[in-house]
Amino acid sequence: MNFSDFEPVIGLEVHAELKTATKIFCACPTAFGAPPNTLCCPVCLGLPGALPTLNRRAVELAVRAGLALNCEIATLSRTDRKQYFYPDLPKAYQISQDPYPLCFDGGLSVGNGERERYVGITRIHIEEDAGKLIHTRNQTLIDCNRCGVPLIEIVTAPELHSAEDAGDFLRALRQILVTCGVSDCKMQEGSLRCDVNISLRKKGSNEFGTRVEIKNINSFAFVEKAIAYEARRQFDILAKGGDLQAETRRYNASTGKTELMRAKERAEDYRYLAEPDLPALSLSREDINAIAKALPELPRAKAARLTRAYGIVKADAEIIVSDPSLASYFEYAATYTEHPILLTGLLLTELLRYCHSDPFDPPVKAERIAEIATMLGEGTVNSTTAKKLVTRLVDGDFDPRATVETEGLAQIRDRETIMRTVNETLCENQKAVADYKNGKTAALRALQGHAMAKTKGLADPVLLEEIFKEVLSE
Amino acid sequence: MMQNGIVKRTLAEHRRALDGGEYTSRELTRAYLDTIEQREPSVGAYLTLDAERAMQAAREADERRALGIQKGALDGIPYALKDNFCTAGLRTTSASKMLENFVPPYDATVVARLREAGAVLLGKLNMDEFAMGSTNENSALGITRNPLDPGCVTGGSSGGSAAAVAAYEAPFALGSDTGGSIRQPAAFCGVLGLKPTYGVLSRYGMIALASSLDCVGIVTHTASDCAAVLSALIGKDRLDATSRTHPDPSFEVSGELPHLRVAVVRELLEGDEVSPAVVRSCKTAVELLRAHGAEIDEVSLPSPGSALASYCVLSAAEAASNMARFDGVRYGNRKADVSDLSEFYAQNRSEGLGEEVKRRILFGSYMLTREKRAMYYDRARAARCEIRERMTEILNRYDLIINPTTPTGVFKRGEKITPEKRRRADLCAVYASLAGFPAVSVPFGRDENGMPLGLHLTAAPFREALLLRVASFFEEVGE
């Protein structure tokens, strides 16, 4: 048996926290990081007699996600109680949606080139988050701040077949949710969490193998690692002639392995009950159309448009659209320059080195970087100077064109001046000249470096090289 | 000390007396507290008295009146609450050991509205634990006796509410009605009990039994008292998503009796379970209506079997779900020193919850299991829809459905009631509950032992005004 004869069949269940100001069934704030149990009320604490009321903003954001992910939107759906006992669940049921989800039958294109594929989304439903348990040495405490924070659960069809597929999907999904303002998708704050369903089958087969669920993975990298590990683990069992058990596992980031949580025979029966405290959730076609109209341009469409409109390469366009703030920064800067390709270069290779915030928080005014791109395009400065100017702008704002003038940073493109510098350099570096003539072409680079230093880095590098070659070939 | 007679007055009479300075709210409140002191040893309606704060609220009402400020028709008038309405800072138990020491941090919406209207809360009333029962004998915290005969039960689950009003320990009381829990004890205690249209009164802060059936109910002596309380409580509540604005919010009970088309339910006047006195009294009532020009027809209520089954399954399924939060983790009965989580839950719940509650949790949970839900829960929901449709059909043709509130007179305390008899007894009330329609039980007639009987009237949604008008007619024509 060969591992390569098998393929994993993977479906994901992604929980994304909706970006609402208040919780899904009460008016408590959804803020992250507040002192424990300070963002609670009788409703989210599940006190006797308290009743939920549905936050329409949460519904709107969920519909937005559904539309962006090409789903059908139910004009009539309902909420259900998913019942189980756990100390982080104050009512002993989670209000979720069972048979009638808000969005269904969608999908999205993910990956590039060979790996580009369409992944079906079975359903998206709304639900409330549970609280957080804090385990100390001898007791467990409950923080109910997160109780009732609105979530959507996005369920994919079992149409992913590798760790990379899953990674592609999650990245594409994250981009869409962030672009649409549905969720911040901050995994470190738990606002995006992922369950993985994975089974193994012989390539070419249409059967499904025994399915294992890996719960609550909180980083894309871990999702990929968990899938890779789990596929191998399942193969090893099958290869030894063993049987796989349907079970729930967890990913242990420190060992890189998945571990058994519970066998599926002990799986809970959630005893779903139609939520009697909330009327059926109805949306008119007009409501849905209004939400659709307000949808922003989605990452794929935007990348295609940037490629078309600015002539930049697809890979760069994709980096730019991966962060909506970066994309709008780019488009704003592009209105100030005729040189969008040079702008892209400065943005992606220089500016991003100084910017590690998520979302992108521009350290330099868009007009400034555009001006540098223009000067670069005109030949007013060379690329070394352009990069230096970007770096200096990160430390503090100034007018780059004026600075180039007052500090004499303009590119030297005068043949005479450069010729003089070349000759001087050759005189001072006879050994390098000899090396070059003996076939050591690398010596030219050293000579160019010396000459460039003589001009304080201001020479036109193309012209400089040209003249060197001319003189040396004489 | 005021003459005790004043506690027998109607709300309108209290209002006039307060306005006219005949007595103050403090004197009125004191009169009820005195009555409570005299009657409680034999009645036992109250689980918690809040005399001090009641007197304080009464004083404030008097001060307002002295300044010419009035909050509404109930300003300065005392009342009492079934102990499943949350009251900020005042113990709320649902008559369960589970919540014996539970003090809510918030008021139920109806409580807040009464507070806002200036009404004076006297205390909290006994009930069947978590409103599960029909005799009040399922209370874990006390015994309530029928004020008209201490050997009899009060009915339930709002037995404390009916008994307190019947014993003049409060001029009105709120209770809850899921499948007759206001109407049946009202009938047994000889008072009027209204279950309004589902959603007309906010459920926010009322400890849930079966959320899709639960209604806040009102117990009073008269239809006009009931109308006054209802007026003070209606209005959509943004905290209860199922609450609704009343389209016809004037509940005038006086004036000419309108022309009525009345449907008499055949099944509820037949069979061995129905006592002759009940049949006699209901027929008398029908004849009185006929004599006043009403058109009377006999109708059959749709499929009694499926109505009862639907009610049993849905109410238990929802109850099981609503009871799940009582796990002892955040509040309620809590066993210390148990390290295993399942064991912790099991002990807290085993000790904290009574037999009937456990029975319904088991039954309801079973109905929702993966294997059984299609067979029971889904079918019960479908049956309910059908019943609502057919009730709507009947009430498109008739103004009222009339039947006895109960098939027999009041039970003796400790009397064994067979499950069959209990179900039959529920049947009179569950149609209105399943349909979400308003219904009232008005005292009319006597059983073989001279104890009161109730006449049960059901109308189409939001026709509380009609129900109260007809109830008032039966008060006038009397026994």
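The values are calculated or read from the model by the stated rules, or taken from the named source; none is laboratory data. Being a predicted model, the structure only gives us computed values, none of them experimental. All Cβ positions, glycine included, derive from the backbone under ideal geometry; neighbour counts span all protein chains shown. Just the protein is used for accessible areas: all its heavy atoms, side chains included, with ligands, DNA and RNA removed. Shrake-Rupley method; radii C 1.70, N 1.55, O 1.52, S 1.80 Å.
Which is under 25 Å from the mean Cα position of the chain (by Cα), modelled with pLDDT under 95, in the same structural domain as A:Arg174 (by TED's automatic domain parsing) and open to solvent by less than 10 Å² (accessible area, probe 1.4 Å), of A:Ser191, A:Ser219, A:Ser254? Working first, answer last.
Working: A:Ser219 fails: open to solvent by less than 10 Å² (accessible area, probe 1.4 Å); A:Ser254 fails: open to solvent by less than 10 Å² (accessible area, probe 1.4 Å).
The conditions single out A:Ser191.
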**Study point:** Residue under evaluation B:Arg203, criteria (1) of a type in the set (Lys, Arg); (2) open to solvent by less than 50 Å² (accessible area, probe 1.4 Å); (3) away from chain A (no Cβ under 14 Å), criterion not met
**Key:** (3)
Check your understanding: Could you say whether any residue in segment A:426-448 is touching a residue at least 40 places away in the same chain (Cβ under 8 Å) and not assigned by TED's automatic domain parsing to the domain that holds A:Glu378?
Key -> yes
Study note, to complete from the structure: If we keep only residues of segment A:224-251 that are assigned to a helix (DSSP H, G or I) and either polar (S, T, N, Q) or in contact with a Gly (Cβ under 7 Å, 6 or more places away or on another chain) (or both), then the residue surrounded by the most Cβ atoms within 10 Å (Cβ to Cβ) is A:Gln234
Revision key, fill the gap. When segment B:70-105 is checked residue by residue, the ones that are within 13 Å of another protein chain (Cβ to nearest Cβ) and either on the phi > 0 side of the Ramachandran plot or of a type in the set (Val, Ile, Thr) (or both) are B:Thr87, B:Thr92, B:Thr93, B:Ser94, B:Ala95, B:Val103
Exercise for review: Search segment A:396-422 for residues that are closer than 15 Å to A:Leu376 by Cα and pair each with any residue that is in a helix (DSSP H, G or I) and open to solvent by 40 Å² or more (accessible area, probe 1.4 Å) when their beta-carbon atoms are under 7 Å apart and the residues are at least 6 apart or on different chains.
Suggested key: A:Pro400/A:Arg368; A:Pro400/A:Glu371; A:Arg401/A:Glu371
Revision key, fill the gap. Of the residues in segment B:385-434, those that are in contact with a strand residue (DSSP E or B) (Cβ under 7 Å, 6 or more places away or on another chain) and β-branched (Val, Ile, Thr) come to B:Ile394, B:Ile401, B:Ile402, B:Thr405, B:Thr406, B:Val410
Revision key, fill the gap. If we ask which residues in segment B:206-243 are more than 14 Å from chain A (Cβ to nearest Cβ), hydrophobic (A, V, I, L, M, F, W, C) and touching a residue at least 40 places away in the same chain (Cβ under 8 Å), their number turns out to be 10
Review point. Of the numbered conditions (1) open to solvent by 20 Å² or more (accessible area, probe 1.4 Å); (2) hydrophobic (A, V, I, L, M, F, W, C); (3) within 13 Å of chain A (Cβ to nearest Cβ), B:Ile143 satisfies every one except a single condition; which is it?
Key: (3)
Check your understanding: Which one of the conditions (1) at negative phi; (2) open to solvent by less than 20 Å² (accessible area, probe 1.4 Å) does B:Leu148 fail to meet, given that it meets all the rest?
Key -> (2)
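Can you tell me which of B:Ala61, B:Ala66, B:Ala95, B:Ala45 is more than 30 Å from B:Lys335 (Cα to Cα) and touching a helix residue (DSSP H, G or I) at 6+ places or on another chain (Cβ under 8 Å)? Walk me through how you get there before you give the answer.
Values: B:Ala66 fails: touching a helix residue (DSSP H, G or I) at 6+ places or on another chain (Cβ under 8 Å); B:Ala95 fails: more than 30 Å from B:Lys335 (Cα to Cα); B:Ala45 fails: more than 30 Å from B:Lys335 (Cα to Cα).
Answer to the selection: B:Ala61.
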Review point. Looking at A:Ala92, is it farther than 30 Å from B:Ser94 by Cα and small (Gly, Ala, Ser)?
Key: no
Practice item. Give the residues of segment A:405-432 that are out of contact with any strand residue (DSSP E or B) (no Cβ under 9 Å at 6 or more places or on another chain), assigned to a helix (DSSP H, G or I) and crowded, with 18+ Cβ neighbours inside 10 Å, sorted by residue number. Key: A:Val422, A:Thr425, A:Leu426, A:Ala432
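Listed here are the residues, each with its yes/no results for (1) farther than 20 Å from B:Phe462 by Cβ; (2) more than 25 Å from the chain's Cα centre (by Cα); (3) outside the structural domain of B:Val279 (by TED's automatic domain parsing); (4) of a type in the set (Ser, Thr, Tyr).
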residue	(1), (2), (3), (4)
B:Lys358	yes, no, yes, no
B:Ile361	yes, no, yes, no
B:Ser365	yes, yes, yes, yes
B:Arg370	yes, yes, yes, no
B:Thr392	no, no, no, yes
B:Pro404	yes, no, no, no
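Looking at B:Arg59, B:Arg64, B:Arg53, B:Arg15, which one is in a helix (DSSP H, G or I), free of Cβ contacts under 8 Å to residues at least 40 places away in the same chain, surrounded by fewer than 20 Cβ atoms within 10 Å (Cβ to Cβ) and among the basic types (Lys, Arg)?
On the way: B:Arg64 fails: free of Cβ contacts under 8 Å to residues at least 40 places away in the same chain; B:Arg53 fails: free of Cβ contacts under 8 Å to residues at least 40 places away in the same chain; B:Arg15 fails: free of Cβ contacts under 8 Å to residues at least 40 places away in the same chain.
Just a single option satisfies the conditions, and that option is B:Arg59.
Going by the structure shown, is A:Ile288 modelled with pLDDT of 95 or more, within 23 Å of the chain's Cα centre (by Cα) and aliphatic (A, V, I, L, M)? Walk me through how you get there before you give the answer.
Values: modelled with pLDDT of 95 or more: yes; within 23 Å of the chain's Cα centre (by Cα): no; aliphatic (A, V, I, L, M): yes.
When the stated conditions are applied, A:Ile288 does not pass them.
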Study note, to complete from the structure: Counting only residues in segment B:263-275 that are over 16 Å from B:Lys421 (Cβ atoms) and either over 24 Å from the mean Cα position of the chain (by Cα) or small (Gly, Ala, Ser) (or both), the one modelled with the highest pLDDT is identified as B:Ala263
Practice item. Identify all residues within segment A:258-291 that are in contact with a strand residue (DSSP E or B) (Cβ under 7 Å, 6 or more places away or on another chain) and either at positive phi or within 8 Å of chain B (Cβ to nearest Cβ) (or both); write none if there are none. Key: A:Arg271, A:Tyr272, A:Leu273, A:Ala274
Check your understanding: Counting only residues that are on the phi > 0 side of the Ramachandran plot and surrounded by fewer than 16 Cβ atoms within 10 Å (Cβ to Cβ), which one in segment B:300-343 is nearest to the other protein chains (Cβ to nearest Cβ)?
Key -> B:Asp337
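Hey, among the residues in segment A:68-78 that are open to solvent by less than 40 Å² (accessible area, probe 1.4 Å) and within 30 Å of the chain's Cα centre (by Cα), which one's nearest to the other protein chains (Cβ to nearest Cβ)?
The first filter runs over segment A:68-78 and keeps only residues open to solvent by less than 40 Å² (accessible area, probe 1.4 Å), leaving A:68-69, A:71, A:73-74, A:77.
Then keep just the ones that are within 30 Å of the chain's Cα centre (by Cα); that gives A:68-69, A:71, A:73-74.
Details: A:Ala68: 28, A:Leu69: 28, A:Cys71: 25, A:Ile73: 21, A:Ala74: 18 Å.
Step by step, filter segment A:68-78, then rank; the result is A:Ala74.
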Exercise for review: Those residues that are within 13 Å of chain B (Cβ to nearest Cβ), buried (at least 21 other Cβ atoms within 10 Å of the Cβ) and touching an Asp or Glu at 6+ places or on another chain (Cβ under 8 Å), I need them from segment A:19-43; list them, please.
Suggested key: A:Ile24, A:Phe25
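Identify, from the list B:Thr222, B:Thr178, the residue that is buried (at least 24 other Cβ atoms within 10 Å of the Cβ) and among the hydroxyl-bearing types (Ser, Thr, Tyr). Before the answer, list the steps.
Numbers: B:Thr222 fails: buried (at least 24 other Cβ atoms within 10 Å of the Cβ).
Sole residue among the options that is buried (at least 24 other Cβ atoms within 10 Å of the Cβ) and among the hydroxyl-bearing types (Ser, Thr, Tyr): B:Thr178.
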Check your understanding: Taking segment B:349-376 on its own, how many of its residues are open to solvent by less than 70 Å² (accessible area, probe 1.4 Å), at the interface with chain A (Cβ under 10 Å from one of its Cβ atoms) and in a loop (DSSP other than H, G, I, E, B)?
Key -> 4
